[in-house]
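See structure below.
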Amino acid sequence: MLVNELTPLISAYFQLSPDASLSHQKVSFGTSGHRGSSLDGSFNQAHIWAITQAIAEYRQQQGIEGPLYLGIDTHALSIPAYGGVLEVLVANGVKVCVHPSEGYTPTPLISHAILQHNRQSDQMADGIVITPSHNPPRDGGIKYNTPDGGPAATEVTRAIQDRANEILLGGLKDIKKVSLTEAKASAVAFDFVDLYVSNLPKIIDIKAIERFGLIIGVDPLGGSSLEVWQAIAKRFSLHLTILNLKQDPTFAFMPKDHDGQIRMDCSSRHAMANLLSHAHGYDLLLANDPDADRHGIVDKQGLMNPNHYLAIAIDYLLQHRSNWSRDLSVGKTLVSSSLIDRVVARHDRTLFEVPVGFKWFVDGLHNGQLAFAGEESAGASLLDKEGLPWSTDKDGIVLCLLAAEIFAVTRLSPSQYYQKLTESLSKPFYTRVDAPASDDYKQAISSLSVEDIKTTSLAGDVIRQIHLKAPGNQQAIGGIKVMTDNGWFAARPSGTEALYKIYAESFVGSKHLEMLLAEAQQLIAEA
């Protein structure tokens, strides 16, 4: 995005009125909030007012009377949306806690603040984060975190979504709001960064990192984690250099992703090209997306595959968190690597496998039943050293620091650790492919049954299991997963684009993976 494109983007936010009778202009909560662009009529002031009014009404219905913690990232639409959220919340009598200088606040800091407050008070707190995550600069997003600290469950987001669309269709007459000046005057300053950073030794062995003297470089990718990393560098004796101090809503400093889009995806080698160019001068390089709920890990061998990192993080933690109960389970999404299954089995722990979406882990983390939960797209969280909930939303900052702890304690880089792990558990070959699909074809994939799979073998191996629901919580996966002893594939339609996603993994080799993919697409077409 160019600087001269910001003005029409912001103008459209205030000037365009969405038509909630059109599907693409309705409020629509996906796996993590409502996202869109003001230029498309899908993320405008009316959306924000309506969503916030719906959240305020939900809070009242549920008896949520504590503060609401409000955070924003560095996307251009986040600041105007912040004002709209404040106007409505204050008018509805909500105490809103915000960054002391109206700065940026990452997702994990909001979750951590909610949990810390609710551990000590009977008046429950919740939160809102204004972010489209790693999406391109033209996009905006908003998500709601319930008093358990995590992204709202499906039944909650559906109720908020439906009420917001009702408000839009009603011409916004049900919205309560005050002036922006009054709203900002009523907001309460809260030091999210100090609370979070001062508590980090409770979840990460900071002293081990300090003693080992790792040379660490950090790139916040222009996002909200910059202030947090600056506070970490100041508070602890780490050899840590922040390599990119820019916070520019155009994100013009970002290399383009594989498809030519600017996307702050810390799991993409294309988007991470700037950081990768520093690999020779540092032991470890770390990055986060704009709201810091994702992690990017780079060592001398390059960018760590998110699935590979989740596997080594779990293997390490199950050996180095002595106060964790052996009854704790490990959570993964069903499209994450099966190497995680093997790690969990090796440590005689229970695997909790769920559909795509971090919200499925919230209860387990909040109730202290999941030691660790991670998803395939570089998002994860874990309990603190004493087995208490730290964040029930994804925490990219802690996962970055955990990589440094693993390096310091084991004397192995993440890539070296992974190499050692796969020598005993076999090396996986994993990929995800997006294939074109009409609405009818996507619907057909969503409606697949076990009986639709006519073959008994896949890529030369006997099919052992076919899943339409996730084994961990028996929730529909919106597609299908087919497993053999040596590999698997999963297919699920995209919720926003004319395509479906095929995930596949082989424990035999790259040629076997290609065979898996080809047969998977043929199998889906014939079903």
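I need the calculated FRET efficiency for the pair Thr154 and Phe14, taking r as the beta carbon distance and R₀ as 41 Å, to the nearest 0.05.
Working: r = 31 Å, r/R0 = 0.76.
Once the sixth-power term is evaluated, E becomes 0.85.
Gln61 versus Gln419, label points 7 Å from Cα toward the beta carbon: distance in nm?
If labels sit at Gln61 and Gln419, their model points lie 5.6 nm apart.
Using helices alone, I'd like the mean residue ellipticity at 222 nm for the chain: each DSSP H run of four-plus residues gives -39500 (n - 2.57), total over residue count, nearest 500.
-11000 deg cm²/dmol
Taking the Cα-to-Cβ direction at Ala273 and at Asn4 and moving 7 Å from each Cα, how far apart do the two end points lie in nm?
Simple spin-label model gives 2.4 nm for this pair.
Taking R0 as 35 Å, what FRET efficiency do you get between Ala185 and Ile215 from their Cβ-Cβ distance, rounded to the nearest 0.05?
0.15
Would you list, by chain and number, the aspartates and glutamates whose Cα falls below 13 Å from the Cα of Lys256, excluding same-chain residues fewer than 8 positions away?
Reachable aspartates and glutamates: Asp265.
How many times 2.2 N^0.38 Å is the alpha carbon radius of gyration of the chain?
The value comes to 0.94.
For the range 293-417, give me the percentage of DSSP beta bridges that are antiparallel, rounded to the nearest 5 percent.
Here the antiparallel bridges make up roughly 45 percent for the range 293-417.
Where in the range 409-467 are there trypsin sites (Lys or Arg not before Pro) that are in a DSSP coil and have at most 13 other Cβ atoms within 10 angstrom of their Cβ?
Passing sites in the range 409-467 are Arg411, Lys454, Arg464.
Nearest 5 is fine: what % of DSSP beta bridges in the chain come out antiparallel, could you say?
Working: 46 of 71 bridges.
Percentage antiparallel, nearest 5: 65.
Using only the Cα atoms of the range 43-147, what semi-axes does the equivalent ellipsoid have when each is the square root of 5 times a gyration tensor eigenvalue? Give whole Å, largest first. All intermediate terms of the calculation are to be shown ahead of the outcome.
On the way: eigenvalues 94, 50, 24 Å².
The answer is 22, 16, 11 Å, longest axis first.
Determine the relative contact order of the chain: mean sequence separation of Cα pairs under 8 Å and six or more apart, normalised by residue count, in whole percent.
Reported relative contact order: 13 percent.
How would you rank 270-279, 105-114, 292-301, highest first, on the average number of other Cβ atoms within 10 Å across their residues?
Output ranking for 270-279, 105-114, 292-301: 105-114, 292-301, 270-279.
In the neighborhood of Lys95, defined by Cβ-to-Cβ distances under 12 Å, what is the net charge if each Lys or Arg adds +1 and each Asp or Glu adds -1?
-1
With every protein chain left in place, what is the accessible area per residue of the chain in square angstrom, probe 1.4 Å?
On the way: 20350 Å² over 527 residues.
With the other protein chains kept in place, the chain gives 39 Å² per residue.
Using 0.36 nm per residue, how much length does the chain from Asn323 to Ser101 gain when fully extended, once their Cα-Cα distance is taken away?
Gain in length upon complete extension: 76.1 nm.
Which percent of the accessible area of the range 344-442 is formed by carbon and sulfur heavy atoms (probe 1.4 angstrom)? Don't skip to the answer; put the middle values down first.
Details: 1680 of 3600 Å².
It is 47 percent, rounded to a whole number.
On the protein heavy atoms, probe 1.4 angstrom, tell me the percent of accessible surface of the range 27-91 carried by carbon and sulfur.
It is 41 percent, rounded to a whole number.
The values are calculated or read from the model by the stated rules, or taken from the named source; none is laboratory data. Predicted, not measured: the structure shown is a model, and the values here were computed from it. Glycine gets a Cβ as well: all are built from the backbone with ideal geometry, and neighbour counts include every protein chain shown. The area values use the complete protein model at the heavy-atom level, side chains included, leaving out ligands, DNA and RNA. Shrake-Rupley method; radii C 1.70, N 1.55, O 1.52, S 1.80 Å.
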